Amino acid sequence: MNNHTDIPLSLAEVDGPFLTSALREAGVLQKGEVVDIHTRVIGQGAGFMGEVVDLRLTLSEESPDVPTQLILKIPTASRNRRIGQTLGIYEREIRFYRELQPRLGIRTPRHLYSAMDLSTDPHHTLKALKWVNRMPIWLIRPALPLLGWLGRRKTNRYILIIENLGGYRVGDQVAGCSIEDAKVALKAMARMHAQFWNSGELTTLPWLVPIELIPKPIHMMFLKTLNDFKIHHEGWLTNDHITVLNWLKLHFIDLVKHISLRPHTLLHGDFRLDNLCFDDTRGEIILFDWQTLGTGPIGSDLAYFLSSSMSIDTNQNTMAELIEYYRHQLADNDVSITPEALQWEYETGLLTVLHRTVPAQFQNILDFGDGRGNDLIDTWIQRVFSKLSHVDPNRLLEKIPRS
């Protein structure tokens, strides 16, 4: 994988000559050139780590085989860029499109072009994460500011050009999801999870981070922001909510140790409505935004999607129906799991989702912009609490599935 010396640093540097060269390298532009570009930033309040741009191209020679409506992804100019680079999310998404997407069993946008400055060897990143997770929590706290400093040492360049999905119906996480749409998404999720279930292939891709290598840094952010969260949301937090939050404060690291013993698969890591489109003609989804993919147990993606997509008013019977539907879809793809084990994974997944979303507004690392980003997080957290209303966290650590 080669570095590129002419990668644009920002959207302002994306011009006709660059796109002409990129499309020729992609093999989709055989003659003529890009003579004009219209850009529109989309996904505001959804893509926190980068700009997602709708590109409309004018060519010197029109051809029906050349796409003139594209999606471009480039790191954001905000402070998010530093943390995104340090966490490797830009590099991870490009590696996904180059190394995994061609053989993935579900639909994703067509990859047209990508280029990046290579950062550290992914093996070194994994070693660093293992080292951090051996540190005591109290020692990680003073190390957090170092994360931002490391991201400022050098500004790497990344760019990704993919298929424009404007012809399909886009999901809306704030609005929520119908049962029918949820089943379409769960069918694709089960197919992806089954394809990489306990697969040795995942261990050959060091840029995929296993879930067990990230609990302590995440927990440090949770501890750092928990009091701010309680104060900010004291108007609607109940005693039961506080009990769950305090339980996570004491038991999260132990919980992840048990979760990590479950069979691993490929996880999207951000499987929610804002990151998928519906092809209603074919009854399929197209899943995008692969910046946070990794490996871990299926309950992580399952709880992430259902907690973020299904409204507070969704009753327990409906949730049970969706979880059982997903289990049957796994079985149709030759993966067997008992209802009890899947329920355990789903419920522990809900706790990890809550633990992950609580710091989002207060960690002073991510910039959510105005409006929708904060609404999205507020709505999501309330949905997670509603799904946890019948869950006893202590029971989850007492009754751990054996298989």
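The values are calculated or read from the model by the stated rules, or taken from the named source; none is laboratory data. As the structure is a prediction and not an experimental result, all values here were calculated from the model. Quick reminder, even Gly has a Cβ in these numbers, built from the backbone with ideal geometry, and neighbours come from all protein chains shown. Accessible surface areas use protein heavy atoms only, side chains included; no ligands, DNA or RNA. Shrake-Rupley method; radii C 1.70, N 1.55, O 1.52, S 1.80 Å.
Within segment 355-393, if we keep just the residues that are modelled with pLDDT under 75 and assigned to a helix (DSSP H, G or I), the residue that is least open to solvent (accessible area, probe 1.4 Å) turns out to be GLY373. For segment 282-317, filtering for residues that are in a helix (DSSP H, G or I) and more than 12 Å from the chain's Cα centre (by Cα) leaves 9.
For every residue, the table says whether it meets (1) among the small types (Gly, Ala, Ser); (2) in a loop (DSSP other than H, G, I, E, B); (3) crowded, with 21+ Cβ neighbours inside 10 Å.
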{"residue": "LYS31", "(1), (2), (3)": "no, yes, no"}
{"residue": "ARG40", "(1), (2), (3)": "no, no, no"}
{"residue": "GLU61", "(1), (2), (3)": "no, yes, no"}
{"residue": "ARG82", "(1), (2), (3)": "no, no, no"}
{"residue": "GLY105", "(1), (2), (3)": "yes, yes, no"}
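Residues are listed down the side, and each one gets a yes or a no for (1) basic (Lys, Arg); (2) open to solvent by 20 Å² or more (accessible area, probe 1.4 Å); (3) modelled with pLDDT of 95 or more:
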residue	(1), (2), (3)
GLU180	no, yes, yes
TRP197	no, yes, yes
VAL209	no, yes, no
GLU212	no, yes, no
HIS219	no, no, no
LYS224	yes, yes, no
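Across segment 188-209, what is the total count of residues that are assigned to a helix (DSSP H, G or I) and under 18 Å from the mean Cα position of the chain (by Cα)? I'd like the intermediate steps shown before the answer.
Looking only at segment 188-209, we keep the residues that are assigned to a helix (DSSP H, G or I), and these are 188-195, 200-204.
From what is left, the residues that are under 18 Å from the mean Cα position of the chain (by Cα) are 188-193, 202.
The qualifying residues number 7.
The number of residues in segment 294-309 that are of a type in the set (A, V, I, L, M) and surrounded by fewer than 22 Cβ atoms within 10 Å (Cβ to Cβ) comes to 0.
When residues in segment 291-332 are screened for being under 22 Å from CYS277 (Cα atoms) and of a type in the set (D, E, K, R), 1 of them pass.
Total residues in segment 258-277 satisfying the condition of being hydrophobic (A, V, I, L, M, F, W, C), touching a Gly at 6+ places or on another chain (Cβ under 9 Å) and surrounded by 21 or more Cβ atoms within 10 Å (Cβ to Cβ): the figure is 5.
Restricting the first member to segment 331-348 and to residues that are within 18 Å of SER260 (Cα to Cα), and the second to residues that are basic (Lys, Arg) and open to solvent by 10 Å² or more (accessible area, probe 1.4 Å), the beta-carbon pairs closer than 6 Å and six or more apart or on different chains are LEU342/ARG327. Of all residues in segment 153-178, those satisfying the criterion of being open to solvent by 70 Å² or more (accessible area, probe 1.4 Å) and in a strand (DSSP E or B) are ARG169, VAL170.
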